[in-house]
Structure formats: structure tokens, C-alpha cells
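Colleague: This is the structure I have questions about; it appears just below.
A short reminder: the numbers here are calculations on the coordinates, not readings from a lab. Treat the numbers as computed from the prediction; the structure is a model and nothing was measured. Counting neighbours? That spans all protein chains shown, and the Cβs are built from the backbone with ideal geometry, glycine included.
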Amino acid sequence: MVNLISIAPSTLLLPADASAHGPALDHHLLLNLSIALALLALAHLILLIGLIARRRPEPTHLWRIEYLPLAALALLFAALTFQAERLWAATRYTGADPAALQVEVTGVQFAWYFRYPGPDATFGTTRPQLVAPGEGNPLGLDPADPHSADDEVTSELVLPTGREVDLRLKAQDVIHGFSIPEMRLKQNAIPGQTIHLHFTPTTPGTYAILCTQLCGLGHYRMNATLRIVTPVEFTAWLAKHQKESTQ
Ligand SMILES: [Cu+2]
């Protein structure tokens with residue numbers, strides 16, 4: 001059998017991997033695929049042997065040909081499930097580093113908005129009744145809250161390499177699907193909930209942010225850009241953005 005584990009993911013048409021947790025996920029995916037292919041080949045082989053072999057009057061060694069393989073398969077699938085669960089939880093339930101970069105992501109028909117907390121490192125209050133995209137306040141930032149003053153709202157997500165990012169995922173109206181294939185991230189954004197996702201980008205580049213839930217008539221155009229830059233470029237970008245918005 002071809003050893004799929006040793007094949008580079010790019011040769012299997014997976015998107016480029018630009019996050020720190022991605023290689024482990026890819027490895028697990030290919031391990032699952034290899035096992036499924038091996039079992040498919042084995043099942044056909046057994047079927048062929050069953051057709052060719054001479055029938056015996058009484059089935060013998062039932063435990064060896066039936067119960068033992070069954071137990072082995074159950075154990076194998078349990079181990080694969082446990083490992084998959086562990087990898088999935090690594091970007092969600094383990095909690096981000098306290099020094100992680102905080103960014104809020106909001107899905108709304110039909111755009112993604114990104115908010116950086118600014119120099120005070122605290123997100124300002126938002127109120128649904130203040131949401132006014134036409135007036136430059138798509139998230140409903142409350143001007144009465146002093147923490148809102150330095151919050152940066154952008155339509156492009158810019159992140160530095162090598163630093164953990166703690167995303168807070170929200171939705172204003174319906175369920176949206178936040179997905180960045182190159183970051184190996186996919187998570188629904190649900191109205192009324194704040195869902196945390198944390199990851200570390202590794203490779204500079206420009207990647208597409210998609211919506212993977214059919215969220216309305218304009219779903220097809222609900223996308224944004226993720227730009228991964230060096231830490232120096234990120235600091236300069238943030239400073240420039242803040243300067244522009246205070247002018
Ligand atoms: Cu959407």
C-alpha cells in the first residue's frame with residue numbers, strides 16, 4: 001500500500017498549511033485516509049478468499065476470525081477519535097496564552113468585521129441599537145464607553161507571524177461559518193455567543209476568509225482577506241491604522 005503519511009499534503013491537493021497547529025491535523029487526516037484505504041483493501045481480500053476457499057462444514061475459531069478483529073478495530077477507531085478530539089480541542093478548549101493578540105471577529109450579512117482593542121487592550125461596549133454600517137459603526141460601538149474610543153474596526157484581518165491569536169467569534173444576525181483553509185480553522189459564528197479560537201500563524205501571505213454556512217442571498221460574496229505579515233510590519237500597520245482613524 002502507498003504510504004500516504006510520507007506524501008507531502010500539497011501533493012494531495014490540500015491547501016498550503018500556514019498555522020502552527022495545521023501539520024498535526026493534516027497528519028491525522030492522512031492517517032485516517034491510509035487506514036480507511038487499508039481496510040477497504042483488506043475487506044476485498046477477505047471477500048475474495050471467501051469466494052475461492054472451500055466451504056467448511058462447521059465455522060471454527062470464531063473468536064480469532066471475528067471477535068478479535070472486531071475488538072482490534074473498535075480500539076483503533078476509539079484511539080483515532082480520541083486523537084481527533086484532542087486536536088480539535090487544542091484550538092478551542094485549552095485556552096489561549098494570556099499574552100495572545102486579541103481580535104474580535106463579527107459575521108454579519110454579508111461581511112466579516114475585525115476589531116482590535118487598541119492601546120488600552122480592552123474592547124469597548126457594543127450595543128445592537130447603535131449598529132449603523134452606513135454611518136461607519138457596523139458593530140454598534142458605544143461612544144459613551146471610554147474603551148470604545150481606541151477600538152479599531154477593519155474589514156481585513158491582519159496578523160503577525162509567530163504570535164498566538166485569540167479570536168472571539170460573534171454573529172450579529174444569523175449563523176455564519178468562519179473558515180480559513182490555510183489556517184486549518186473552521187467554526188460557526190452563532191448570534192448571542194462568543195466563541196474563542198486560538199492559533200499561531202506561521203507563514204506570511206494573503207489568504208481567503210470564507211463563510212461556509214448558507215447565510216442568505218448574499219452568502220456567495222461573504223468573504224474577507226487575512227494578511228499574515230512579520231511582527232514589525234504588523235506594528236507599523238496597526239499604528240498607521242490607528243493614526244488614520246483618529247484623524
Ligand atoms: Cu455568512
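Colleague: When we measure straight from the Cα of Lys186, which lysines land under 28 angstrom away, once same-chain ones fewer than 8 places off are left out?
Modeller: Here the lysines satisfying the reach criterion relative to Lys186 are Lys170.
Colleague: Moving on. In debye, nearest 20, what is the charge dipole magnitude of the chain about its Cα centre with +1 on Lys and Arg Cβ and -1 on Asp and Glu Cβ, if you could check?
Modeller: Once rounded to the nearest 20, the dipole reads 1180 debye.
Colleague: Roughly what would the spin-label model give for Glu152 and Gln193, points 7 Å off Cα along C-beta, in nm?
Modeller: That separation, rounded to one decimal, is 3.0 nm.
Colleague: Picking from Leu62, Leu185, Leu13, which is most flexible by a Gaussian network model of the chain using Cα springs under 10 Å?
Modeller: Leu62
Colleague: Filter the trypsin sites (Lys or Arg not before Pro) in segment 18-76 to those in DSSP coil with at most 12 other Cβ atoms within 10 Å of their Cβ, and list the result.
Modeller: For trypsin sites (Lys or Arg not before Pro) across segment 18-76 that sit outside H, G, I, E and B with at most 12 neighbouring Cβ atoms in 10 Å, the list reads Arg54, Arg55.
Colleague: Using the charge dipole of the chain (Lys, Arg: +1 at Cβ; Asp, Glu: -1 at Cβ; taken about the Cα centre), state which of Gly124, Leu169, Leu87 has its Cα farthest towards the positive end.
Modeller: Comparing the listed Cα positions along the dipole, Leu87 ranks first.
Colleague: Please give the FRET efficiency for Thr202 paired with Glu244, using the beta carbon to beta carbon distance and R0 = 35 Å, rounded to the nearest 0.05.
Modeller: The calculated FRET efficiency here is 0.75.
Colleague: A further question follows. If R0 is 41 Å, what FRET efficiency do you get for Gln102 and Leu42 from their C-beta distance, rounded to 0.05?
Modeller: About 0.25, to the nearest 0.05.
Colleague: Any chance you could run the full-extension gain for Ala121 through Arg86? It's 0.36 nm times the residue separation minus the Cα-Cα distance, nm to one decimal.
Modeller: Once the chain is fully extended between Ala121 and Arg86, it gains 9.6 nm.
Colleague: Considering the chain as a Gaussian network with a 10 Å cut-off on Cα pairs, which listed residue, Gly134, Gly177, Gly124, attains the greatest mean-square fluctuation?
Modeller: Sorting by GNM fluctuation, first place goes to Gly134.
Colleague: Follow-up question, since we're still on this one. Highest GNM mean-square fluctuation, the chain, Cα pairs closer than 10 Å: which of Ala90, Ala43, Ala53?
Modeller: Residue with maximal mean-square fluctuation among Ala90, Ala43, Ala53: Ala53.
Colleague: Hand me the trypsin sites (Lys or Arg not before Pro) from segment 88-188 located in a DSSP loop with no more than 16 other Cβ atoms within 10 Å, in residue order please.
Modeller: When the trypsin sites (Lys or Arg not before Pro) of segment 88-188 are filtered for loop state and at most 16 Cβ neighbours within 10 Å, Arg92, Arg163 remain.
Colleague: How many nm separate the modelled label positions at Phe77 and Thr94, each set 7 Å beyond the Cα in the direction of the Cβ?
Modeller: 2.8
Colleague: Then there is this: Provide the gained length on full extension for the span Leu51 to Glu66, in nm with one decimal, where the gain is 0.36 nm per separating residue minus the Cα-Cα distance.
Modeller: Extra length available between Leu51 and Glu66 comes to 3.7 nm.
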